[in-house]
Every structure is written in structure tokens, then in C-alpha cells.
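Values in this text are rule-based calculations from the coordinates and carry no lab data. Treat the numbers as computed from the prediction; the structure is a model and nothing was measured. A quick note on method: Cβ atoms are made from the backbone with ideal geometry, for glycine too, and the neighbour counts reach across all protein chains shown.
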Amino acid sequence: MSTVQDLTIISPWKAELVKDIFPGQSDLSADQLTNFNNTLYFQADQTGSCYYSYSAKEQLWKSDGTEADTNLVKDQGLSSHGSSALKVDNNTLYFQVINLDPSTMTSSLQLWKTDGTDTGVQLVKDLGSYWNIRNFTPIENSLYFTTVGSSYDENQLWKTDGTEAGTTLVKDFGHTISNFREINNVLYLDVNNDKNVLHIDLATINLPSAFQLWKTDGTEAGITLVKDFGDSIFCDTSENNTAIINNTLYFEVNSQYSPEVPVNYQLWQSDGTNTGTTVVKDFGNIRDINKFWGEVNNTFYFSVSVSPSENNNKTTYELWKSDGTNAGTTLVQDLGNYSPDYLTTVNNTLYFLVNKYDSLTKTDNNQLWKIDGTDGNISLIKDVGDLSIEDWETIDNNLYFQISKYDYNTNNISTAQLWKTDGTDVGTTLVKDFPNSSFMGGDELGVINNILYFQLTDSTYGKELWMSNGTETGTMMVADINPGKGSSNPSIPVDVNNTLYLLADDGIHGNELWKLTSTQLGSDVRSLAMSNLKLMSEVISTYQLPNFSNSSNGF
């Protein structure tokens with residue numbers, strides 16, 4: 001089996017610097033590389049200017065892959081608390097601008113749009129003295145979003161049709177909006193007055209709170225309070241705290257903590273009406289829903305942590321399922337002290353991990369499991385021992401996953417492996433082994449045209465971008481952008497008209513915009529590799545190495 005040091009592995013891509021957008025010591029920090037109308041759009045700021053600050057001047061750029069036509073679209077002003085959002089809806093790209101009035105030194109939040117033409121960059125509406133736009137959510141012909149103010153809360157719900165007159169405030173809730181869900185063109189959202197929960201003391205612990213479920217269909221009269229839960233709490237404001245089955249919303253609600261009364265946990269359901277928002281199952285005070293998983297055959301699965309009141313340090317875990325009824329909400333399997341983590345659902349099969357940490361030996365035992373959606377059977381796919389399953393992605397009906405081991409005591413990388421599975425024993429295979437390499441925490445995976453792209457760190461090439469078609473010979477480094485042991489720290493690429501764009505550092509220009517263009521070698525090798533006609537090495541031996549260039553002069 002070949003290793004990362006095998007120089008016969010030749011990439012079918014040529015890497016080129018598109019443009020040094022911020023020359024000098026400042027690096028390009030760009031978010032949300034987006035394909036809009038066959039042109040790359042991205043938001044850029046200089047990391048050098050905000051390294052010691054919570055704010056940075058943000059800009060919207062676009063590129064056709066050449067230096068000459070990689071240009072600034074709009075200066076977005078000073079962005080606070082993370083990058084602002086980009087959203088493509090109805091052939092329009094929406095973005096925000098912070099407009100600073102130099103005479104008063106006050107700023108306002110503006111919604112802008114572009115249709116991709118030079119004259120199509122337009123102000124939609126000035127929204128007032130807010131900091132950020134979040135939660136772009138398209139429903140029919142409207143785009144919903146929230147605004148963030150000085151209290152850091154998302155209190156206001158807006159909608160737009162792309163015109164100033166059609167950009168209106170739906171409702172100022174006065175409390176934090178979270179967890180957007182769309183069911184049959186109706187938007188559901190949680191409203192949490194969580195100030196009494198996040199900043200709590202025993203003297204004020206029983207102060208009333210407002211935890212409410214709302215919905216809107218976009219009409220003036222269509223904003224409706226579904227149910228007020230009083231002083232109960234939505235247990236998690238992330239998207240993982242709900243399941244949607246047959247147009248019914250499922251979520252967990254629990255009572256507030258009190259020194260005298262234990263917290264009570266309940267599974268609820270809602271059909272969008274007050275009378276149809278009811279308790280499915282009361283789990284009492286020791287079982288807490290950790291995470292809702294996927295759904296197969298009108299049944300959804302979820303994990304539960306069990307913490308006996310007499311010993312909260314003895315937490316165990318259980319796997320449950322529900323069809324939306326009390327009788328149909330049942331324990332599937334007691335997992336003991338194995339902590340579960342849902343991955344994804346592929347072809348009617350749910351995949352999940354379980355982890356058991358031995359405090360005596362200070363070792364982990366990690367396992368990949370599956371739930372067969374046809375018969376409900378649960379089975380172990382692979383025990384990876386003390387290695388970690390770092391990340392995963394799906395291609396067709398296969399789950400690809402990375403296994404890696406990193407010694408944090410010595411900071412030494414040891415081994416990394418790429419696997420794939422179709423859920424069967426014979427279909428669970430090692431794609432490639434990478435000795436003296438590691439998939440680091442926080443790395444990503446991406447899929448473009450059924451090719452897997454990922455970041456790999458090894459002792460020879462540093463951290464670079466790799467690709468795989470699911471075979472050992474078709475798994476290779478895309479480009480050594482920072483030659484030798486230096487790391488380019490590449491982002492996962494975005495495809496625009498068969499050109500891949502990414503951010504990378506070649507050790508000369510800093511972190512900047514790069515492109516990958518297919519060589520003739522690439523066209524031949526990838527087509528052969530995908531069809532498994534012959535070993536890739538038999539093909540690439542007849543070609544010269546593709547050129548590697550720092551040139552910013554395009555093709």
C-alpha cells in the first residue's frame with residue numbers, strides 16, 4: 001500500500017494563486033465562498049487589522065478566476081461579532097452593509113443585494129441601529145431574517161421580497177429568537193426570555209420567564225403565538241433540539257431548575273395549533289434528551305442521558321425511538337456509559353458513534369454503529385479502539401469517515417485512515433492508510449462531483465488538500481501549495497464552472513485566494529478512476545508532472 005511519501009501519486013489539478021488581495025503582512029480571511037451565477041463571491045477582511053479586535057472591515061468581492069477580474073463589489077463596513085451572512089435567493093445575492101455616518105460617528109445596518117451585474121448592486125433597505133443580520137430563511141417568495149442589536153439578542157423578525165417597500169418588520173418580540181424551522185411554507189421559531197436563566201442566582205431563581213413557540217405564514221395576520229410555556233424552558237436552542245415528522249414538530253421542554261424541585265423533562269409535539277401542542281411523553285427528572293437524530297419509516301430516534309438524582313456523576317446513556325405517540329415512544333437500547341453521537345442517515349440507515357472513556361487506563365474506545373431503518377435492528381459496523389472518528393461525509397449510498405490518532409501529550413501525529421461503508425460488513429473497507437499523519441480536529445470534508453476533498457497533516461508535506469474517489473489509487477494530494485513541510489492550511493474548495501476555489505497560504509503571499517484547474521491528466525485519470533478501469537498509476541506514468549505556479553496571471 002502506497003504512502004503519502006509515494007511520489008508516483010500525481011494530482012490531476014494545477015494550483016495557481018488568483019490574486020494577492022491584501023499584499024504585505026495582512027492575510028485574507030474570507031468566509032462563505034459562494035457560487036452565484038457562475039461567478040465566485042466571497043467576503044474578505046484582513047486578519048492583520050483585527051487580530052487584537054472583535055471587529056474588522058469587511059468587503060464583498062467577486063472573481064472569474066483571473067487577477068484582472070477579481071474585484072471589490074462593495075465595502076461592507078465594520079463587521080462585529082463574526083462575519084455577516086450571504087444568501088442566494090431567487091437569482092439574487094443578499095448581504096449586509098454597516099453604514100457609518102462620519103459626522104455623528106453612528107452606524108446603521110443596511111440590507112443590500114446584487115444580481116451579478118455591475119449596475120445591479122443596490123441598497124434594499126436601511127434597517128436602523130443594529131449590528132448584524134442573521135438566519136436568512138427563504139419561504140416561498142419571501143426571505144426572512146433576524147437583526148442583532150446592542151444586547152447581542154436577535155429580537156426582531158424581518159422579511160423581504162427584494163424591494164424597499166417589501167422589506168418589513170414582521171414582529172419585534174423583545175426577547176431572543178432562535179431555532180428556525182420551516183413546515184409547509186410556515187416558519188416556526190422559539191422565543192426565549194432567557195436572561196433569568198443564563199444569569200441566575202438563588203434569590204431570583206423563580207422569576208417568571210417567557211418561553212414561547214411562534215409561527216408565521218408571511219402575512220400581516222399570519223404571525224401567531226402557538227403556545228406559551230410559561231416558566232418552562234426549551235432545552236436547546238440549536239437545530240438539534242427538534243425533529244419534524246409528517247409535518248409535526250417534536251421538541252423537548254423542561255421545567256426550570258429549583259433547589260427544592262428537580263427538573264422535569266418532557267417530549268412535546270405541535271401541529272401548529274395551541275390544542276395540537278401537547279406532551280408526547282414525560283421522562284421524569286432523570287432522563288434528558290441529548291439530541292434528536294434522523295427519521296426512517298415515520299419513526300425518529302434520539303439519545304437520552306440518564307442521571308440518577310442520588311448520584312449525578314453516574315450518567316449513562318440510552319437510545320430511544322418515537323412514532324409521535326406515548327405508546328410508540330420506547331427504549332431501543334441501553335448503551336450504558338457509552339456516550340452516543342448521531343452522524344447521519346444514508347439510504348434508510350442511521351449511523352452513530354458510541355464512545356466509552358476508561359478513567360483508570362485513560363483510554364477511549366470508539367465504535368461506529370448503524371440502525372437498519374427497514375427492520376430496526378442495531379449492529380456494530382467497526383470498533384476503532386482508541387482512534388477517533390474525526391469527520392464524515394456521504395457520497396451516493398456510502399458513508400466516508402476519517403480515523404485518526406493524535407498524542408496530545410507529545411504533540412506527535414501517529415496515524416490516519418480513510419474508510420468507507422455501505423452499512424454491510426463486506427462493504428466496510430479501508431480506502432487508504434496515511435502513516436505518520438493526522439486528521440486534526442476542526443478539519444473539514446467536502447464533496448464535489450462525487451469526489452471527496454479533505455485536509456491532511458503529515459510530517460513530509462504539512463497540512464495540505466487531498467482528494468479521493470473511494471479507491472486507494474484515486475486518493476492523492478491535490479497540490480503541495482506550501483512546498484515541503486510547510487502547511488498551506490487550505491480551506492475546502494468551492495466549485496464554479498469546474499474550477500475549484502479555496503484559501504491557502506503558500507508561505508510567500510500569506511493566506512490568499514487560489515484556484516485549481518483541471519489538467520488533461522486530470523480529465524483522463526478521473527474518468528478512468530471513477531469507472532475503475534485500471535490502476536491510476538498505469539495512466540499517470542505516461543504523463544508529465546503538472547506545473548505548479550505562484551503566478552497570478554490566470555491560466
| Point-charge dipole on Cβ atoms (K/R +1, D/E -1) for segment 258-315, about Cα centre, debye to 20 | 160
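Once the other residues with Cβ under 11 Å from the Cβ of Val280 are scored (Lys, Arg +1; Asp, Glu -1), what is the net sum?
-2
With a Förster radius of 56 Å, plug the Cβ-Cβ distance of Ser518 and Asn185 into 1/(1 + (r/R0)^6) and report the FRET value to the nearest 0.05. Show your work: numbers first, answer last.
Working: r = 41 Å, r/R0 = 0.72.
Here the calculated transfer efficiency is 0.85.
Would you work out if segment 104-168 is rounded, prolate or oblate? Take a ≥ b ≥ c from the square roots of the eigenvalues of the alpha-carbon gyration tensor; rounded if a/c is under 1.5, else prolate when a/b is larger than b/c, oblate otherwise.
Working: a/c = 2.20, a/b = 1.25, b/c = 1.77.
In terms of gyration-tensor shape, oblate.
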| Subset of Lys291/Lys370; Lys171/Lys321; Lys87/Lys227 violating a 26 Å alpha-carbon distance limit | Lys171/Lys321; Lys87/Lys227
| query | What does the charge dipole of segment 281-438 about its Cα centre add up to, to the nearest 20 debye, if the Cβ of each Lys and Arg holds +1 and the Cβ of each Asp and Glu holds -1? | reply | 180
| remark: If the label point sits 7 Å along Cα→Cβ of Glu140, residues of segment 269-299 with amide N under 18 Å come out as 272-273
| If the cut-off is a Cα-Cα distance under 13 Å, which aspartates and glutamates reach Lys14, setting aside same-chain residues fewer than 8 apart in sequence? | Asp480
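At 0.36 nm per residue, minus the direct Cα-Cα distance, what do Asn91 and Ser379 gain on full extension? Give it in nm, one decimal, please.
Details: separation 288, 0.36 × 288 = 103.68 nm, distance 4.52 nm.
The Asn91-Ser379 span can extend by a further 99.2 nm.
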| request: With a point put 7 Å past each Cα toward its Cβ, work out how far Val306 is from Asn450 in nm, to one decimal. | output: 4.5
| query | Hey, rough spin-label estimate for Ser258 and Glu164, points 7 angstrom out along Cα→Cβ, what's it come to in nanometres? | reply | 5.3
| message | Can you return the aspartates and glutamates within cross-link range of Lys382? Criterion is Cα-Cα under 17 Å, with same-chain partners fewer than 8 residues away left out. | response | Asp341, Asp364, Asp372, Glu390, Asp391, Glu393, Asp422, Asp425, Asp433
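Would you tally the net charge around Leu430, using a Cβ to Cβ cut-off of less than 9 Å, leaving Leu430 out, and scoring K and R as +1, D and E as -1? Intermediate values should be presented prior to the final figure.
Values: positive: Lys420, Lys432; negative: Asp433, Glu472.
Net of charged neighbours comes to 0.
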| Listed residues Asn285, Ser359, Thr315: farthest to the positive end of the dipole of segment 280-370 (Cβ charges) | Ser359
